[in-house]
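Notes for the one structure printed next.
The values are calculated or read from the model by the stated rules, or taken from the named source; none is laboratory data. Worth saying up front: this structure is predicted, and the values here are computed from it rather than measured. Don't worry about glycine lacking a Cβ; one is built from the backbone with ideal geometry, like all the others, and counts go over all protein chains shown.
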Amino acid sequence: MVNPIGEVGYRSLRFVRQLGGMAVFATAMLRAALTPPLRVTLFVREMQKLGVLSLLIICVSGLTVGMVLGLQGYHTLVRFGAARSLGAVVGLSLIRELGPVLTALLVTGRAGSAATAEIGAMVATEQLDGLRMLSIDPVHLVATPKALALISIMPLLSALFIVCGLFGGYLVGVGMMHLDPGSYLTSLRSAIDYPSDITCSVFKSLVFGVLLAIIATYRGFTSAPTSEGVSASTTATVVIASVTVLMFDFIITALWGV
Amino acid sequence: MSSVERHAEPQETMAPADDGDMHVLLKSVDMSYGSRRVFDALSCGFARGRISVILGGSGSGKSTILRLIGGLIQPQTGIVLVDGQDVTRLSERELFTVRQKLGMLFQGGALLDSYSVFENLALPMREQNRLSQRQIADEVHAGLTAVGLSDIDHLLPSQLSGGMLRRVALARAIIRRPIILLCDEPFSGLDPASIKRIEELLIEINRQFGMTLIMVSHHVPSTLRMADHVLLLLGNRTVEGPPAQLRQSVDPEVADFLDEGSQERIRRW
């Protein structure tokens with residue numbers, strides 16, 4: 001029979017230990033990022049692998065979300081005679097919330113899981129131990145370029161998602177619902193508070209990128225050296241990173257005063 | 001040549017040698033993976049410039065000894081001296097310095113699968129040496145030639161056969177001229193011709209560079225041909241000595257383990 005108090009204690013200790021492990025790992029990555037040699041080629045390769053290959057999914061998702069927002073927004077606004085404000089609704093939703101958050105969730109599923117799986121497979125096949133035996137720090141060679149690439153691609157992909165979403169909303173509002181294009185764009189421009197909304201959006205993306213980078217690489221490095229272990233780490237990355245992104249989204253939104 | 005104590009069980013060993021002769025020395029090492037105890041006060045040594053082979057059944061801790069020597073894992077208690085330095089007390093950064101003296105051939109090769117053969121061999125030199133690209137290329141080709149390979153620079157590890165992969169991994173392990181070479185199951189999964197080739201290469205490396213070679217193996221025939229010294233892990237005790245001495249052992253467990261006929265039957269099964 002399981003002792004519930006003991007179980008809570010065990011899980012709490014494991015949680016704290018993992019948080020500590022993650023903090024130590026993040027510090028090691030930060031130190032590695034500031035220590036030569038700079039791994040520019042690897043960074044560019046990771047940007048291509050994790051970022052460029054996510055372009056399609058980001059564009060399609062952004063366009064679709066923008067179109068749904070356009071449809072839902074139009075049918076709600078038209079009831080209050082405010083259909084001209086569709087651009088503002090679509091723009092604010094995308095820039096303040098949906099752009100950074102949905103991009104982070106998509107990148108978590110597409111690139112974060114891939115990073116964990118790749119590092120986990122390297123653990124299982126002793127490639128990281130092989131590097132250690134060659135006196136090469138695997139955090140420096142493997143984890144840091146991936147983490148920096150994940151942090152760098154997040155705001156870029158988020159911006160792309162927002163642009164595609166705005167275009168999707170425009171297609172529905174102007175193309176399907178026959179709103180005046182000028183009204184759509186004017187309400188969009190007047191509703192956005194520059195630079196506050198844009199800065200908040202970029203800040204959120206960067207924070208989400210940092211969180212995903214730490215979680216994905218740490219989970220890969222601590223993966224059990226079996227196929228089951230790699231699979232479990234990959235799943236854990238997606239679950240933990242997704243929940244963490246949503247929690248931090250609330251915290252940042254509350255603190256930013258939006 | 002070496003001494004072994006484990007569980008204070010009766011042993012069949014040659015006369016213990018002076019610790020000073022030992023290039024690698026494990027003293028009173030306790031090692032567990034979670035609740036599974038692997039070693040209890042294990043002490044053993046591996047002599048400088050010799051070929052030592054660790055034999056034993058699955059799960060007996062053969063690979064664990066290599067990983068302890070490489071500082072990849074830490075024992076619960078005890079010390080592991082590598083060329084006089086206790087690797088159990090060093091930080092990861094200090095271990096990098098000690099590992100300059102070590103080369104390790106992993107069972108699966110452990111080559112970086114997204115790097116070509118050339119990049120795999122060039123990587124350790126690019127990281128540590130201040131060699132020009134031309135010098136690195138020359139070293140890589142010399143390393144590949146030493147293990148009997150050529151014109152495979154551009155191939156990925158996944159495009160190599162098992163024997164070629166093992167030879168490339170061997171070339172990478174020795175490319176920095178280590179003084180101690182650790183080999184984890186270098187013959188597993190290879191055909192007889194490849195086994196012979198790897199065996200010859202390891203002997204040649206040992207003789208030519210005077211490297212201390214510590215090898216884990218299940219392959220008894222090769223072990224008996226190559227080894228200067230054998231350490232046999234048998235459950236809760238260890239037996240060691242030169243192969244010729246172990247072959248004459250009256251200990252039924254030792255005799256059964258070294259019986260090539262039974263090994264062959266197991267392999268075929």
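Table for the structure above
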{"quantity": "One residue from B:Ala41, B:Ala17 being part of a strand (DSSP E or B), surrounded by fewer than 18 Cβ atoms within 10 Å (Cβ to Cβ), modelled with pLDDT under 90 and more than 18 Å from the chain's Cα centre (by Cα)", "calculated": "B:Ala41"}
{"quantity": "Count of residues meeting criterion [away from chain A (no Cβ under 12 Å) and of a type outside the set (A, V, I, L, M)] in the range B:162-182", "calculated": "5"}
{"quantity": "Top-ranked residue in the range B:97-110 [being closer than 21 Å to B:Phe187 by Cα and more than 7 Å from chain A (Cβ to nearest Cβ); ranked as nearest to the chain's Cα centre (by Cα)]", "calculated": "B:Leu105"}
{"quantity": "Any hit, the range B:162-171, residues being charged (D, E, K, R), over 20 Å from B:Gly45 (Cα atoms) and either in contact with a Pro (Cβ under 8 Å, 6 or more places away or on another chain) or not in a helix (DSSP H, G or I) (or both)", "calculated": "yes"}
{"quantity": "Filtered residues of the range B:59-74 (kept if away from chain A (no Cβ under 14 Å) and either modelled with pLDDT of 95 or more or within 25 Å of B:Arg167 (Cβ to Cβ) (or both))", "calculated": "B:Lys62, B:Ile65"}
{"quantity": "Unique residue being in a helix (DSSP H, G or I) and either hydroxyl-bearing (Ser, Thr, Tyr) or at negative phi (or both) when the list is A:Tyr170, A:Tyr194", "calculated": "A:Tyr170"}
{"quantity": "Extreme residue, farthest from B:Leu111 (Cα to Cα), among residues of the range B:172-200 that are modelled with pLDDT of 90 or more, among the aliphatic types (A, V, I, L, M) and assigned to a helix (DSSP H, G or I)", "calculated": "B:Ile174"}
{"quantity": "Residue satisfying condition, being of a type in the set (A, V, I, L, M, F, W, C), in contact (Cβ under 8 Å) with a residue 24 or more places away in the chain and either part of a helix (DSSP H, G or I) or closer than 20 Å to B:Ile205 by Cα (or both), within set B:Leu112, B:Leu121", "calculated": "B:Leu121"}
{"quantity": "Output for the range B:201-213, where each listed residue is closer than 19 Å to B:His23 by Cα and not in a loop (DSSP other than H, G, I, E, B)", "calculated": "B:Leu202, B:Ile203, B:Ile205, B:Asn206, B:Arg207, B:Gln208, B:Phe209, B:Thr212, B:Leu213"}
{"quantity": "In the range B:122-161, the residues that are within 13 Å of chain A (Cβ to nearest Cβ), of a type in the set (Lys, Arg) and either out of contact with any helix residue (DSSP H, G or I) (no Cβ under 9 Å at 6 or more places or on another chain) or loosely packed, with under 14 Cβ neighbours inside 10 Å (or both)", "calculated": "B:Arg130"}
{"quantity": "Scope the range A:204-227; condition at pLDDT below 95 and part of a helix (DSSP H, G or I); matching residues", "calculated": "A:Ser227"}
{"quantity": "Close pairs (8 angstrom Cβ cut-off, 6 or more residues apart or separate chains): under 19 Å from B:Ser114 (Cβ atoms) in the range B:149-166, among the charged types (D, E, K, R) and surrounded by 14 or more Cβ atoms within 10 Å (Cβ to Cβ) anywhere", "calculated": "B:Leu156/B:Asp113; B:Pro157/B:Asp113; B:Ser158/B:Asp113"}
{"quantity": "Residue within the range B:85-92 that is at the interface with another protein chain (Cβ under 10 Å from one of its Cβ atoms) and surrounded by fewer than 19 Cβ atoms within 10 Å (Cβ to Cβ) present", "calculated": "yes"}
{"quantity": "Filter pass, B:Met226 being surrounded by 14 or more Cβ atoms within 10 Å (Cβ to Cβ) and over 28 Å from B:Gln135 (Cβ atoms)", "calculated": "yes"}
{"quantity": "Any hit, the range B:228-237, residues being modelled with pLDDT of 85 or more and assigned to a helix (DSSP H, G or I)", "calculated": "no"}
{"quantity": "Verdict on B:Arg48 being within 29 Å of B:Leu190 (Cβ to Cβ) and surrounded by 18 or more Cβ atoms within 10 Å (Cβ to Cβ)", "calculated": "no"}
{"quantity": "Residue match in the range B:91-98 (condition: closer than 20 Å to A:Ala32 by Cα, part of a loop (DSSP other than H, G, I, E, B) and modelled with pLDDT of 90 or more)", "calculated": "yes"}
{"quantity": "Candidates A:Leu77, A:Leu148, A:Leu128 - the one that is at pLDDT below 95 and in a helix (DSSP H, G or I)", "calculated": "A:Leu77"}
{"quantity": "Boolean, A:Val139 is among the β-branched types (Val, Ile, Thr), in a helix (DSSP H, G or I) and within 14 Å of chain B (Cβ to nearest Cβ)", "calculated": "yes"}
{"quantity": "In the range B:117-151, the residues that are touching a Leu at 6+ places or on another chain (Cβ under 6 Å) and at pLDDT 90 or above", "calculated": "B:Val117, B:Asn120, B:Pro124, B:Met125, B:Val140, B:Gly143"}
{"quantity": "Among (1) of a type in the set (S, T, N, Q); (2) in contact (Cβ under 8 Å) with a residue 40 or more places away in the chain; (3) over 30 Å from B:Glu127 (Cα atoms), the one test that A:Thr35 misses", "calculated": "(3)"}
{"quantity": "All positions within the range A:202-226 that are touching a Gly at 6+ places or on another chain (Cβ under 9 Å), of a type outside the set (A, V, I, L, M, F, W, C) and surrounded by fewer than 22 Cβ atoms within 10 Å (Cβ to Cβ)", "calculated": "A:Thr222, A:Pro225"}
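A quick yes/no check of all residues on (1) under 30 Å from B:Leu121 (Cβ atoms); (2) crowded, with 21+ Cβ neighbours inside 10 Å; (3) within 23 Å of the chain's Cα centre (by Cα):
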| position | (1), (2), (3) |
| --- | --- |
| A:Val40 | yes, no, yes |
| A:Leu56 | no, no, yes |
| A:Val60 | no, no, yes |
| A:Ala82 | no, no, no |
| A:Gly87 | no, yes, no |
| A:Leu106 | no, no, yes |
| A:Gly120 | yes, yes, yes |
| A:Ile151 | no, no, yes |
| A:Pro155 | no, no, yes |
